[in-house]
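The values are calculated or read from the model by the stated rules, or taken from the named source; none is laboratory data. None of the values given here were measured: they were computed from a predicted structure. Positions of Cβ are generated from backbone atoms using ideal geometry, with glycine treated the same way; all protein chains shown enter the neighbour counts. Surface areas here come from the heavy atoms of the whole protein model, side chains and all, with no ligands, DNA or RNA. Shrake-Rupley method; radii C 1.70, N 1.55, O 1.52, S 1.80 Å.
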Amino acid sequence: MPDKPEKRQSVLTATAAVAQGLWITLRHLGRKPITIQYPEQHREPFPRFKGRHVLDRHPDGLEKCIGCELCAGACPADAILVIGAENTPEERYSPGERYARVYEINYLRCIFCGLCVEACPTEALVMSHAYDLSADARDKFIFTKEMLLADAPLQRRPSQEDLAAGEEVGDFRILKEGLARARALSAAEGAAPGNTGGDAGGGSPA
């Protein structure tokens, strides 16, 4: 036969647990929901969000892409196919000697890392804020040049700061600063008193 104090204690414990759960529910009852009615509503991405690619044009309408294939070479997922061709006086697509006769991005492979954009020497390839990629067939995720090419030159935001020519910005500056710090730390550890190992660069007494 169960003891009465123990039975009373178990009832109180169960009641406290139920009250705690109800309190959590009531705390969120008056909050604004964070979900949206997609696809009727779209969430505004962050300013540096990397979405679907766009091929830009020059102000005169010519394509910026010169078919150099550097974006395809930089792509770690092998998602870009570029086949270049020579411009002719009769058919000129870009200011340079070559243009991209075939340009395709396979979004089943693309990981949206942005290395292709970094590798582009003419800033022809940019990443937009478009993120709603959906289709009912796999081949529809292969975007062709006609699908990627902008109808008019893109309007770019003005720079928030004036940079000198050749000044390194963005991820490359951060990487170089981190590498310089690592080299300085390694050099300081090598020059510390009592550190006799690993210094093959000369300077040790004969």
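Some notes on this structure:
- Restricting attention to segment 82-106, the residues that are within 17 Å of Leu148 (Cα to Cα) and either buried (at least 17 other Cβ atoms within 10 Å of the Cβ) or of a type in the set (Gly, Ala, Ser) (or both) total 10.
- Selected residue (only one of Pro5, Pro47 is within 30 Å of Asn106 (Cα to Cα) and at pLDDT below 90): Pro47
- Filter pass, Ala124 being open to solvent by 30 Å² or more (accessible area, probe 1.4 Å), in contact with a Cys (Cβ under 6 Å, 6 or more places away or on another chain) and more than 30 Å from Gln41 (Cβ to Cβ): no
- Annotation: of all residues in segment 25-58 being of a type in the set (A, V, I, L, M) and surrounded by 10 or more Cβ atoms within 10 Å (Cβ to Cβ), the one that is nearest to the chain's Cα centre (by Cα) is Val54.
- Among (1) at pLDDT 70 or above; (2) over 29 Å from Gly84 (Cα atoms) - the single one Arg173 does not satisfy: (1)
- Taken over segment 95-119, the residue count meeting the criterion of being in a loop (DSSP other than H, G, I, E, B) and either under 16 Å from the mean Cα position of the chain (by Cα) or not charged (D, E, K, R) (or both) is 10.
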